[in-house]
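Reading through the structure tokens given below for one structure.
The values are calculated or read from the model by the stated rules, or taken from the named source; none is laboratory data. The structure presented is a predicted model; accordingly, all values stated were derived computationally and were not measured. Note: ideal-geometry Cβ built from the backbone for every residue, glycine included; neighbour counts use all protein chains shown.
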Amino acid sequence: MNGVATSERERATEGVTRLRLADGPLLRPVLCRVVSMVLTRADWPLDRLEDALLVCDALCAHRDESSDGKRLTFSIDADEHEAELRVCELTPESAERLVGQARLPLVGNVLERVAERVTVGPGQAGGGAQLAIVLSGR
Amino acid sequence: MTPDMELALEARAENIAIVRHALGGFAEAYAVPESKLADIRLAVTEACANVVVHAYQDGEPGAMEVLASMQDGEMTVRVRDWGRGIRPRPDSPGLGLGLSLIAALAETVQLGHDEAEHTEVRMTFSLQDEPPSMNGHGP
């Protein structure tokens, strides 16, 4: 097992936190704690921090239908103004599905309501797809 | 064995807090007792601090990686880096207690390199006295 890929290791030296988790009960407690700490260190206000955790909850709640059921990979990059949470190593279909499943009756799409931008794009190194969620810190 | 959790981040002192919180989430999922979690956090903190202080030359940016897995009542944590390796350092700014502390807290400690020649500290912690279980699914 070689751990996180070299390009991601290089990104870690640029301040991007990379997290890869086994699907299951581990997902929510670890993702929420890591995102909380990264945003707290970036001096985010509490209300925006809560919004970010809402995004994490939505992603964790719908990961069953969108992941391969084994591992989910995230990257988190934040400064005081903006944070980008990426869900990596998805298929284009699963990335779109993950966005679509965040829709709630009478509320709309939670991800799109809370985030500044929600985009599905090609994965790094040309493989698969990734979901990028950009949140504003102010 | 593929780890249950892999966390890669910049080797900076302030990032050790992120590692400690990630371990808290890991422990919550596996119902690790609080006293054991305190030992694990302290040992992993020391290992990460070694990376921050010793692995990379002054000012050189570098990454650290923390991998954790649970199997058969034993938690394994590996802390690794891509720096200059573990070697004697007469000008060390620390007290030199880190590895001794890790050895006292963990059941086993291995220092060396992983299969890709990265510097690695591998620690195991036994949870046999109080078997871990996934929240909501265990005894």
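Quick rundown of the values:
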| read-out | value |
| --- | --- |
| Members of the stretch B:56-68 that are more than 12 Å from chain A (Cβ to nearest Cβ) and touching a residue at least 40 places away in the same chain (Cβ under 8 Å) | none |
| Options B:A11, B:A22, B:A17, B:A49: the member that is surrounded by fewer than 19 Cβ atoms within 10 Å (Cβ to Cβ), facing chain A (nearest Cβ under 10 Å) and under 14 Å from the mean Cα position of the chain (by Cα) | B:A17 |
| Filter pass, A:L85 being assigned to a strand (DSSP E or B) and either surrounded by 16 or more Cβ atoms within 10 Å (Cβ to Cβ) or touching a helix residue (DSSP H, G or I) at 6+ places or on another chain (Cβ under 6 Å) (or both) | yes |
| Pairs, first within 14 Å of chain A (Cβ to nearest Cβ) in the stretch B:102-130, second surrounded by 12 or more Cβ atoms within 10 Å (Cβ to Cβ) and among the hydroxyl-bearing types (S, T, Y), C-beta under 9 Å, six or more apart | B:H113/B:T119; B:R122/B:T76; B:R122/B:T108 |
| Residue check for A:C60: in a helix (DSSP H, G or I), at pLDDT below 95 and hydrophobic (A, V, I, L, M, F, W, C) | yes |
| Residues (touching a strand residue (DSSP E or B) at 6+ places or on another chain (Cβ under 7 Å), aliphatic (A, V, I, L, M) and part of a helix (DSSP H, G or I)) located in the stretch B:1-22 | B:I18, B:V19, B:A22 |
| The stretch B:25-38 - residue that is crowded, with 19+ Cβ neighbours inside 10 Å and not hydrophobic (A, V, I, L, M, F, W, C) and, of those, nearest to the other protein chains (Cβ to nearest Cβ) | B:G25 |
| Of all residues making up the stretch A:100-115, the number that are loosely packed, with under 13 Cβ neighbours inside 10 Å and not in a strand (DSSP E or B) | 3 |
| A:P29 vs. criteria within 7 Å of chain B (Cβ to nearest Cβ) and at pLDDT 95 or above | yes |
| Some residue of the stretch B:27-44 being within 19 Å of B:G112 (Cβ to Cβ), assigned to a helix (DSSP H, G or I) and not acidic (D, E) | yes |
| Identity of the residue in the stretch A:32-55, assigned to a helix (DSSP H, G or I), over 12 Å from the mean Cα position of the chain (by Cα) and farther than 21 Å from B:A63 by Cα, that ends up nearest to the other protein chains (Cβ to nearest Cβ) | A:L49 |
